[in-house]
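The values are calculated or read from the model by the stated rules, or taken from the named source; none is laboratory data. Computed from a prediction, not measured in an experiment: that's the story for all the values here. All Cβ positions, even for glycine, are placed from backbone atoms using ideal geometry, and neighbour counts span all protein chains on display. Only protein heavy atoms, including side chains, enter the accessible area calculation; ligands, DNA and RNA are left aside. Shrake-Rupley method; radii C 1.70, N 1.55, O 1.52, S 1.80 Å.
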Amino acid sequence: MFIALRDLWRSKLRFGLLTGAVGLLVFLLLFLNTLSATLLDFFIGAIESNSADVLVYEETARRNLQASRLDASLIDDIAAVPGVVEAAPVGELTLTAQIGEDLTDLSLWGVDLDGPGRPAPIVEGRPPGPGEVVMDESGMAEGFKIGETITLVPSGTELDIVGFVRDRRYAVIATAYLDFAEWVAVFEAEFPGTPVVPLSLIAVDVDDGLDPAVVGDRITTAVAGVEGLDRTTAARGTPGVDSISQSFNLIVGITFGIVVLVVAFFFLILTVQKLRSFVALRAIGASVGYLARSLIIQVIALVTLGSLVGAGILRVATLGSNPAFPLSVDGRLVLTVTGAVLGSSILAGLLSVGRIARTDPADAAQGIR
Amino acid sequence: MTAINVDDVTKIYGEGHTAVRALRDASLELRDNEFLALLGPSGSGKTTLLSVIGGLLAPTSGRVTIGDTALAGMSKKEQTRFRANRVGFVFQGFNLVPFLTARENMTVMGSISDAPRSEIEARADQLLDELGLTDRKNNLPEQLSGGERQRVAIGRALVTDPDLILVDEPTASLDTELGTQVVRLLATEIKTRGKAGIMVTHDLRMVEYTDRTVRILDGELLDEA
Ligand SMILES: Nc1ncnc2c1ncn2[C@@H]1O[C@H](COP(=O)(O)OP(=O)(O)OP(=O)(O)O)[C@@H](O)[C@H]1O
Ligand SMILES: [Mg+2]
C-alpha cells in the first residue's frame, strides 16, 4: 500500500493518462456490446420478444421466417399436440409504405390480436381495431407516429397507427402489427389473384410450467413438415444472426485484447524504468511478494478507475438515447466487462512481477553504474 | 559478544578467464559496540565484503556468522527478513526511492521490517532532526543535494534500529564539518545501542571516531593500520 499509493500519487499525470486510455477502451467495449445487442434486437426482436411461447416454421425454411410458408389447416393439427394451449396464424409481409411524403420499408405482421403472438404489451396508445395497426416504437425514427396514416404501395391500402409496442422490430425495418384477417386482405390487394395466402408461422402458447422447447419438439415430431421452436432458439437460428454475433464478438475480443496489452505494456515499461528502486527496496529487505502486491494494487486501482470512466462515458452517451437508437447502461454488462478486464490485467501485471523477481538485490550495493 | 564473524571468505565474480577474485580468504571478527573503519583503494573489495556480511551476496567459499546465525543456512526468504530487520545498509549510490520523500524513504521501513509503524515514524522524525533534515523531509530525492541524499540514506539505515550498520563511503558527498557530524552520529548509535558497525572510507580524518581500522588490498584483509 505504502509504495503503491505514493507512486500513483507522484506520477498522477502518467497514471491519469493511462486511466483515461483504459476508460476509453472500456467504453468502446461496453458500447460495442450495447450496439450489438441493439442491432440484434432490431433484427430479431419480433421473434425473441414475441408473446407466443413456441413458433412453428415450415421445416424446409431452415428457421428463415421469410422462407416459411404454412397451410392454415396445420393450426388444428398443432393445437391437438399435448401441452399446446392455443395455436394461431402469423403472416409476415415486407412491402413498401408511404408515410407522409416518404417511401420506406415496412414489415407487416398479421396476428391473432387476442391469441398467441399478439402485439403486447402496448407501451403507448391502444390496441388496433379495423384499419389500424400498432408499431414497434423504433419506427418513430422513420416517421411512423401515432395518429399518422400509412399508405401501402402499390395497392393504396391505408392503415392508421394507433399504438406502439417495444422490442418487436423485425429485419431492421419498421414493423407494424394488425389483425390476421386484415393482413390477408392486404396480401390479396398487394398480390391480386393469389389463390391461397400462406401463413409465415404458427404461434403457440403452451401449458404453464411446460418447457416451450419440449413442446416445440413434440410439435416437430407430431406434425409432418414443420419445426416447432422456443423463441430464443428461433431467434438465434434466424439466418444472419450468427454472423452478426460473430463479427461483434471478434471486434469485442480484439478490443479486449488491446486493453489488456495496453495495461501489460504500460506496467512493464514503468517497472523497467523503476527497476533501480525495486532493486534497492529488495536490498533493504522488501520481499518480492510485497513489491508484487504494490504493483497489483496499482493495476486494480487503475483498471477500476478506468472502468468507472468508461461506464461514465457510456452514461453520458445514453443521454442521446432514443427509440431509433436505444442505449442503456447495463449494470451487469459493466460488471462483467470490468471483471474480465481486471482479471486479465492482473495476470498481465504478473509479467512485471516476473521482471521484479528476476532482479538481484546485490546490485544495489554497487554505486551508480 | 561476537557480532560479526567472517571466516575464510572468498568471493569470485564470474567464471573462467573473466573471473574476478574480489575477496581472498578474508577473516574478520567484530564485537558488539565495535565500530570498524575499512580502508582500501578502489576495486579492492570493500563493497563486496559489506555485501557478503549484509546478506546480499553469497560468498564463493567460507562462512559468515551474524550473532549466532550462519548466513549460509538461511533460505532466500530468511535472508530478506534478515536484511529488513537486522541490517542497516548505506549504499555507495544511496539508492533512495525517487518517488518517496526524504521522510517516506525512511518510514517505508515500517512496511518492510517487522518493527511497528508508529515506532518507525517516531524514530524517523528523531533521525531527521539529528541529521539536520527536518526542513527537507517532504522533498523528493531529486530536490535534495548529494549530501542531503546521503544523510537520508543514513537515516533509512538507522530507522529500524538494526544490529549491524554497514556504511559504504558515507562522507564522500559531505564537507568535513558535516562529514564529522554524521560519523559522530553513527558512532553514537553504535556505542549506545549495542550495534556493530563497519564504515568504508577514504577519509583518514574520519578514522578517529572508529575503534579500529582494517585495510583491504586486492581482496585481502590486512589488520590494523
Ligand atoms: N558484479 C560483479 N561482477 C564482476 N566483477 C565485479 C562485480 N562487482 C564487483 N566486481 C569486481 O570486484 C572487485 C571488487 O569490487 P568492489 O566493488 O568490492 O570494490 P570496492 O573496493 O568497493 O571499490 P570502490 O572503492 O571503487 O567502490 C573489482 O575488481 C570489481 O571490478
Ligand atoms: Mg565500493
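List pairs: first in segment B:160-171 and free of Cβ contacts under 8 Å to residues at least 60 places away in the same chain and open to solvent by 10 Å² or more (accessible area, probe 1.4 Å), second part of a loop (DSSP other than H, G, I, E, B) and within 12 Å of ligand 1 (Cβ to nearest atom), Cβ under 8 Å, 6+ apart or cross-chain?
From residues that are free of Cβ contacts under 8 Å to residues at least 60 places away in the same chain and open to solvent by 10 Å² or more (accessible area, probe 1.4 Å), the pairs are B:171/B:201.
Give me the pairs, please: first residue somewhere in segment B:34-57 and within 15 Å of residue B:92 (Cβ to Cβ), second residue anywhere and aromatic (Phe, Trp, Tyr) and within 13 Å of ligand 2 (Cβ to nearest atom), beta-carbon distance under 7 Å, and either six or more positions apart or on two chains.
So the pair list comes out as B:54/B:89.
Go through segment B:29-47 and give me each residue that's under 14 Å from the mean Cα position of the chain (by Cα), more than 16 Å from ligand 2 (Cβ to nearest atom) and outside any strand (DSSP E or B).
Passing the criteria: only B:34.
Do you know which residues across segment A:155-181 are in contact (Cβ under 8 Å) with a residue 40 or more places away in the chain and assigned to a loop (DSSP other than H, G, I, E, B)?
Of everything in segment A:155-181, those that are in contact (Cβ under 8 Å) with a residue 40 or more places away in the chain and assigned to a loop (DSSP other than H, G, I, E, B) turn out to be A:166, A:167, A:168, A:169, A:171, A:172.
For (1) touching a residue at least 12 places away in the same chain (Cβ under 8 Å); (2) within 15 Å of residue A:88 (Cα to Cα), each residue gets a yes or a no:
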residue	(1), (2)
A:219	yes, yes
A:222	yes, no
A:226	yes, yes
A:238	yes, no
A:242	no, no
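Filter segment B:190-212 down to the residues that are crowded, with 17+ Cβ neighbours inside 10 Å and either modelled with pLDDT under 90 or within 16 Å of ligand 1 (Cβ to nearest atom) (or both) and list them by number. Spell out the reasoning first.
Going residue by residue through segment B:190-212, those that are crowded, with 17+ Cβ neighbours inside 10 Å are B:190, B:195-201, B:203, B:206, B:209-210.
Within segment B:190-212, B:198, B:199, B:200, B:201, B:203, B:206 meet the criteria.
If you check B:99, B:82, which single one turns out to be within 11 Å of chain A (Cβ to nearest Cβ) and in contact with a helix residue (DSSP H, G or I) (Cβ under 6 Å, 6 or more places away or on another chain)? Talk me through it step by step, then tell me what you get.
Numbers: B:82 fails: in contact with a helix residue (DSSP H, G or I) (Cβ under 6 Å, 6 or more places away or on another chain).
Exactly one of B:99, B:82 is within 11 Å of chain A (Cβ to nearest Cβ) and in contact with a helix residue (DSSP H, G or I) (Cβ under 6 Å, 6 or more places away or on another chain), namely B:99.
I need the full set of residues from segment A:276-294 which are of a type in the set (A, V, I, L, M), under 16 Å from residue B:51 (Cβ atoms) and more than 7 Å from chain B (Cβ to nearest Cβ), in order please.
A:279
Got a number for residues in segment A:322-369 being open to solvent by 40 Å² or more (accessible area, probe 1.4 Å), touching a residue at least 60 places away in the same chain (Cβ under 8 Å) and within 14 Å of chain B (Cβ to nearest Cβ)?
Qualifying residue count for the region: 3.
Residues to consider are B:61, B:42; find the one that is within 15 Å of ligand 1 (Cβ to nearest atom) and open to solvent by 20 Å² or more (accessible area, probe 1.4 Å). Step through it out loud before you land on a result.
Working: B:61 fails: within 15 Å of ligand 1 (Cβ to nearest atom).
Going through B:61, B:42 in turn, just one is within 15 Å of ligand 1 (Cβ to nearest atom) and open to solvent by 20 Å² or more (accessible area, probe 1.4 Å): B:42.
Assess whether residue B:180 counts as being of a type in the set (Val, Ile, Thr), over 22 Å from residue B:38 (Cα atoms), open to solvent by 10 Å² or more (accessible area, probe 1.4 Å) and touching a residue at least 24 places away in the same chain (Cβ under 8 Å).
Details: of a type in the set (Val, Ile, Thr): yes; over 22 Å from residue B:38 (Cα atoms): no; open to solvent by 10 Å² or more (accessible area, probe 1.4 Å): yes; touching a residue at least 24 places away in the same chain (Cβ under 8 Å): yes.
When the stated conditions are applied, residue B:180 does not pass them.
Which of the residues spanning segment A:182-199 are open to solvent by 10 Å² or more (accessible area, probe 1.4 Å) and touching a residue at least 40 places away in the same chain (Cβ under 8 Å)?
Hits for segment A:182-199 are A:182, A:184, A:187, A:190, A:196, A:197, A:198.
Can you tell me which residue in segment B:23-38 is farthest from the other protein chains (Cβ to nearest Cβ), limited to those that are open to solvent by less than 10 Å² (accessible area, probe 1.4 Å) and within 14 Å of ligand 1 (Cβ to nearest atom)?
This residue is B:37.
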